[in-house]
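First the structure, then my questions, so here it is.
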Amino acid sequence: MILPQLQELKEIEDKARTELAAVSDEEALESWRIAHLGRRSRLNIILRGLASLPIEERRQVGAAANRLRLELEEMLSQRQAQLREATVTAVVERGRLDVTLPGRPLAIGRLHPVTQALRDILAAFVSMGFQVFEGPEVEWDHYNFEAVRIPKDHPARDMWDTLWIDYVRNDEYPMLLRTHTSPMQIRVMEQMQPPVRIVSPGKCYRHEATDPTHEWMHTQVEGLAVDENISMADLKGTLYEFARRLFGRERRVRFRCDYFPFVEPGADMSIDCPLCDGQGCRACGNSGWIEILGAGMVHPEVLANVGYDAERYTGFAFGLGVERVAMLRHGIEDIRLFYANDLRFLEQF
Ligand code: FA5
């Protein structure tokens, strides 16, 4: 007498074959797989029940059930391959796939011209022995103004029209978007003792009207060197060397006296305008020069406020406008182009 499980296996096989013949897509094939090879399939139930059969039945039913499992698996993979091939053939026949067409070019990203200028500026100072330090864009009033000798009622606060962080505006400890990178002088000196040679890059924000050389957000690089016997000659030497590296020997450099509350004496440095070759144009406000940085000898009071011995140490500092450097290098006549996100402009760099 034939064992009932063997009879059932035969039925399973017949049913699986019939149903497979009707399968026409991958989704139906997956349903077929679950029905006939899945955990709850009849075949799997027989396989799981083998252990409870008497030894002779177990041998016969086990062999037949495993054979059927292998057979169904083989049928499954064959049908899978057929369906895939049919899909590709259908696409090719419909003429949608022309394997001879050239590939689509990938858009290659590039660095923003201000980022390129910033990297070159930092590289120039790093090669002169400066370390790079970064700090917060949201800053305490204390670091941005008080600690660099700009108290609340000081007229110099007008030079940096400020974007305040509103919710603490009237607080005892007001916060703001930093208007310059000079607060980093204080943050660095609080952390280290002389000799100090650092540059600190970052975004600055000012609540002011824009024009060809002024944006409400711009990038600065602060520089600070403090040691024994640092003089104005070191400041000028360092900045001349920087200008030579960035702009080449042919550009002229001009220093003028300027006022910043945290330096004494103070100066600014300009480069002759490459757009008009110093003749005067819209970009340079008809002056022939574009100012790129403010600088000076660190005020002894600033040194004393961070606990440095102002009798022993002197230092120089500068704050450089990175967009202005990028403008000079590429002959760009309006700073607002940098952040207008016009690809026709950006793709030129
Ligand atoms: C300052 O911000 C001082 N903290 C610089 C300084 C540092 C002086 C250390 C002394 C010692 P000033 O506002 O001039 O100074 O800005 C410095 C440079 O940033 C300018 O020379 C200019 O290149 C750039 N800059 C300033 N304001 C803008 C603006 N709105 N848009 C673009 N660039 C600007």
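The values are calculated or read from the model by the stated rules, or taken from the named source; none is laboratory data. Since we're looking at a predicted model, the values are computed, not measured. A quick note on method: Cβ atoms are made from the backbone with ideal geometry, for glycine too, and the neighbour counts reach across all protein chains shown.
Please work out which residue is farthest from the chain's Cα centre (by Cα), limiting yourself to the stretch 295-333 and to residues that are among the aromatic types (Phe, Trp, Tyr) and within 14 Å of the ligand (Cβ to nearest atom).
Here is the first cut: in the stretch 295-333, the ones among the aromatic types (Phe, Trp, Tyr) are 308, 313, 316, 318.
Then keep just the ones that are within 14 Å of the ligand (Cβ to nearest atom); that gives 316, 318.
Working: Phe316: 31, Phe318: 26 Å.
Only one residue fits best here, namely Phe316.
From the list Met192, Met175, which one is more than 10 Å from the ligand (Cβ to nearest atom) and within 19 Å of Asp141 (Cβ to Cβ)? Steps first, please.
Details: Met192 fails: within 19 Å of Asp141 (Cβ to Cβ).
Being more than 10 Å from the ligand (Cβ to nearest atom) and within 19 Å of Asp141 (Cβ to Cβ) holds for just one of Met192, Met175, which is Met175.
Then there is this: As an exercise: evaluate Arg282 against (1) touching a Phe, Trp or Tyr at 6+ places or on another chain (Cβ under 9 Å); (2) away from the ligand (no atom under 14 Å from the Cβ); (3) closer than 30 Å to Arg110 by Cβ and give the number of the one condition it does not meet.
Unmet for Arg282, out of (1) touching a Phe, Trp or Tyr at 6+ places or on another chain (Cβ under 9 Å); (2) away from the ligand (no atom under 14 Å from the Cβ); (3) closer than 30 Å to Arg110 by Cβ: (1).
Quick check on the stretch 287-299. Is at least one of its residues touching a Lys or Arg at 6+ places or on another chain (Cβ under 9 Å) and farther than 19 Å from Cys204 by Cβ?
Yes, some residue in the stretch 287-299 is touching a Lys or Arg at 6+ places or on another chain (Cβ under 9 Å) and farther than 19 Å from Cys204 by Cβ.
For Asp158, all conditions in the list (1) crowded, with 16+ Cβ neighbours inside 10 Å; (2) of a type in the set (D, E, K, R); (3) under 30 Å from Arg336 (Cβ atoms) hold save one; what is the number of the exception?
Here Asp158 clears every test but (1).
Picking from Ala243, Ala209, Ala233, Ala225, which residue would you name as being out of contact with any Phe, Trp or Tyr (no Cβ under 8 Å at 6 or more places or on another chain), at negative phi and within 12 Å of the ligand (Cβ to nearest atom)? Full working, then the answer.
On the way: Ala243 fails: within 12 Å of the ligand (Cβ to nearest atom); Ala233 fails: within 12 Å of the ligand (Cβ to nearest atom); Ala225 fails: out of contact with any Phe, Trp or Tyr (no Cβ under 8 Å at 6 or more places or on another chain).
The match here is Ala209.
Then there's this: Filtering the stretch 113-149 down to residues that are among the hydroxyl-bearing types (Ser, Thr, Tyr) and more than 14 Å from the ligand (Cβ to nearest atom), which residue is nearest to Ala340 (Cα to Cα)?
As a first pass, look at the stretch 113-149 and keep what is among the hydroxyl-bearing types (Ser, Thr, Tyr): 115, 127, 143.
Filter once more, keeping what is more than 14 Å from the ligand (Cβ to nearest atom): 115, 127.
Values: Thr115: 15, Ser127: 33 Å.
Looking at residues that are among the hydroxyl-bearing types (Ser, Thr, Tyr) and more than 14 Å from the ligand (Cβ to nearest atom), I get Thr115.
Looking at Arg96, is it touching a Leu at 6+ places or on another chain (Cβ under 6 Å) and either loosely packed, with under 13 Cβ neighbours inside 10 Å or at pLDDT below 95 (or both)?
Details: touching a Leu at 6+ places or on another chain (Cβ under 6 Å): no; either loosely packed, with under 13 Cβ neighbours inside 10 Å or at pLDDT below 95 (or both): yes.
Taking the combined requirement at face value, the residue does not satisfy it.
Might you check whether a residue that is under 20 Å from Glu190 (Cβ atoms), of a type outside the set (Val, Ile, Thr), part of a loop (DSSP other than H, G, I, E, B) and in contact (Cβ under 8 Å) with a residue 12 or more places away in the chain occurs anywhere in the stretch 261-270?
yes
A follow-up question, please. Could you tell me which residue of the stretch 135-155 is surrounded by the most Cβ atoms within 10 Å (Cβ to Cβ), considering only residues that are within 24 Å of Ala209 (Cβ to Cβ) and either in contact with a Pro (Cβ under 6 Å, 6 or more places away or on another chain) or at pLDDT 90 or above (or both)?
This residue is Phe145.
Does any residue in the stretch 293-311 that is more than 19 Å from Leu235 (Cα to Cα) come within less than 7 Å, Cβ to Cβ, of a residue that is of a type in the set (Asp, Glu) and within 16 Å of the ligand (Cβ to nearest atom) six or more places away or on a different chain, and which pairs are these?
Taking only residues 6 or more apart or on different chains, not a single pair turns up.
Say whether the condition of being in the same structural domain as Arg157 (by TED's automatic domain parsing), over 17 Å from Phe316 (Cα atoms) and within 24 Å of the chain's Cα centre (by Cα) is met by at least one residue in the stretch 189-202.
yes
Going residue by residue through the stretch 264-272, is there one that turns out to be in contact with a helix residue (DSSP H, G or I) (Cβ under 8 Å, 6 or more places away or on another chain), assigned by TED's automatic domain parsing to the domain that holds Glu215 and away from the ligand (no atom under 12 Å from the Cβ)?
no
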